[in-house]
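Every number here is computed from the coordinates shown, using simple stated rules; none is lab data. Predicted, not measured: the structure shown is a model, and the values here were computed from it. When we count neighbours, we look across all protein chains shown, and the Cβ atoms used for this are built from the backbone with ideal geometry, even at glycine.
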Amino acid sequence: MKHWIGTALRQYGIFLGLIGVVIVLSACEPRFLAVENLTNILRQTSVIGIMAVGMTFVILTAGIDLSVGSILALTGVVCASLEHRGWPVVAVVAATLALGALIGTLNGIVTTVGRVTPFVVTLGTMSIARGLSHIYTGGQPISRFGAAFRYLGTGEFLGVPVPILIFALTVLLAAAVLRHTVLGRYLYAIGGNEEAALLSGISVTVYKTLAYTICGLTAALGAVVLTSRLDAGESIAGIGYELDVIAAVVIGGTSLLGGRGGVWGTLIGALLIGTINNGMNLLMISSYYQLVVKGVIIVVAVLLDRLRGD
Amino acid sequence: MKRQVVFAALIGTAALLGAGLAGCQRAAQDDGRIVIGMTVPSLTHPFFVHLRDNVVDEAQQLDVEIIVVDAEDVAAKQMSIVEDFIARRVDGVVISPIGADALVPAIEALNKASIPVVTVDRKVSGGQVLVHVGADNVEGGRAAARFIVDQLAGKGRVIELEGTPGASPAIDRKAGFHAVIDATDIEVIASQTANFQRANGQSVMENLLQVHRDFQAVYAANDEMMLGAVEAMEANKVDAAQVVTVGYDAIPDALSYIRAGRLDASVEQYPGRQAREALRMLVAHLRTGAPPETDEVYIKPVVISAANLDEAEDKGVTRAQ
């Protein structure tokens, strides 16, 4: 019996946690389980969720990227200004994603080639990208976009809100890449044992850098969705997002030591954070307590992760 | 923790930049012209850019020289800026301190050097300050509440979006708002924080709309949260015309929402007027030697709506591309 519980916790710990939270919330507030509210949670989770997918790649290599919130701000204001210039939506999105990927690649190159710990590199980038967004906008928001661009954040396709679709596609694509491609297998190998990966002929520099490229790319994709959803690009957007994003990945069971985890766990982690935020609003928990609740859940989740590791 | 690390990283760069800038700026010449040093927390924030622009303009009108130095959100940097001011013997200092306690030594150093200092917007908790000119956030909260009470004729249900937990404007704006609202038949049905951020304002409002449809007013402790909430209401097909919406700060974006009929009002604290008043009092003291009549001046906040849009301060328009 004890063994069975242990196995269940190891395998599905965080998923069970999410279900537990859902049961408690629906008991306290009947409206919680309404389709509109569940759609609402998914839509709100999409930005953090998309970013967390990219972060999963980085953390799988035992790295970290603290700059995602700032990359979101910088790519978001550039995206907003390109839209204002009258660029077609496809071009706006492509340029925004390219910028995100470029910043991510720079993070990766300094980390791998420059041999600086990613914590320090991305801490620097976090400050630089934030500063550049302030400089670029003069601190003022860039707001009001055309209907075509707003479709990405507020539209629906076959009845499903577009941000949720983008989020779902990102997760599916990432899961496929991690499972079925050389890139995916090498990232796990590098995270598991970098030395061994290097000795077995894997170009650690290239593949590790690619993880940061992907992380920058998803931060930019999150920026596109957020900017469109808010109808504004702001240099102050995404402050503190790196914490939610990293929390989603870690809660989802991807080990900060690398080599273990995946995007499905990250999906559950992001949903757990989104559900808790939503639930605390519905139950009208006061703001001071919200911080405590969120912190406790993160610590409990990491304890669960630890349990799995043992 | 994260912040401290960032700060530590910033201090190094800031110190280098500061040294460079100080070298570039020409030393105050003692030709009898009054020289004022001013330092603000961060020129990346439009609020302080607006403050600076007003002070620079007022300085021209008063025919005094002004040196404005950005403290880049680092208290230690602001301290050394003040030390530079003392070293170059400015006649007076205008400061918007980064921390109420952290900048007390800077104020005491100015006191020791007999250089008069005025504080704008934010206060310090010690030392001798000639005068503090600021905004009364409690009164602003009351003004927002009075606007809602008027619009709803004293009855109805209101949703409140609070600022960052623990931040003093968040606490004061909430206190003033409740002081007025709680004395009426208007019920605050939900009070949640959205951390002064637009994206948070949007998602918190979306969440609240899942359980609350029967409300007649929304009050947010800043415009960013309010504009996010307006987006959420519009996307969820809440008839905005039926809801009284009041934000705070009268930022350019909010004024354009008011102009478009998507927002009802925003509380204006006149940061530019605050800054000008502070400089005027400092210069008057330097010229006459007489101390000001009072050591605290609070600019009265005004609720800006479509009826009095022209009373709002021009804080620079939203960047048009």
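The table for this structure:
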read-out	value
Sites matching trypsin sites (Lys or Arg not before Pro) across segment B:172-244 that sit in DSSP coil, with at most 16 neighbouring C-beta atoms within 10 Å	B:R213, B:K237
Gaussian network model of chain A, Cα within-10 Å springs - most flexible of A:A223, A:A196, A:A175	A:A196
Shape call, segment A:41-174: gyration tensor on alpha carbons, a/c limit 1.5	oblate
Exceeding the 27 Å Cα-Cα cut-off - candidates B:K174/B:K315; B:K123/B:K300; A:K294/B:K155; A:K294/B:K123; B:K123/B:K315; B:K112/B:K174	A:K294/B:K155; A:K294/B:K123; B:K112/B:K174
Acute angle (nearest 10 degrees) that the helix B:75-87 long axis makes with the longest principal axis of chain B, alpha-carbon atoms	30 degrees
Farthest positive-ward along the protein assembly as shown dipole, Cα basis, beta-carbon charges - from B:A183, B:V138, A:V249	A:V249
Among B:I95, B:I148, B:I67, residue whose mean-square fluctuation peaks in a GNM of chain B (springs only between Cα atoms under 10 Å)	B:I67
Charge tally in the Cβ shell below 14 Å around B:E224, where Lys, Arg are +1 and Asp, Glu are -1, B:E224 excluded	-4
Using θ = phi - 60° and Karplus 6.51 cos²θ - 1.76 cosθ + 1.60, couplings along segment B:108-120 (whole Hz; Gly, Pro as x)	5, 5, 5, 4, 5, 7, 6, 9, x, 9, 10, 10, 10
Separation between Cα centres of segment B:53-75 and segment A:60-106, rounded to whole Å	35 Å
Per-residue ³J(HN,Hα) for segment B:62-71, Karplus 6.51 cos²θ - 1.76 cosθ + 1.60, θ = phi - 60°, Hz, x for Gly and Pro	8, 6, 10, 8, 10, 10, 10, 10, 7, 8
Within chain B, percent of DSSP bridges classed antiparallel, to nearest 5	10 percent
Label-point separation in nm, B:E311 to A:F119, each point 7 Å along Cα→Cβ	5.3 nm
Euclidean distance between Cα centres, segment B:94-133 to segment A:131-175, Å	44 Å
Additional length obtainable on full extension of the chain from B:A183 to B:I86, 0.36 nm per residue less Cα span	29.9 nm
Gap separating the Cα centres of segment B:201-245 and segment A:250-310, nearest whole Å	28 Å
Helix axis angle, B:271-288 relative to chain B longest principal axis, alpha carbon, degrees	30 degrees
Rounded to 5, percent antiparallel among DSSP beta bridges of the protein assembly as shown	15 percent
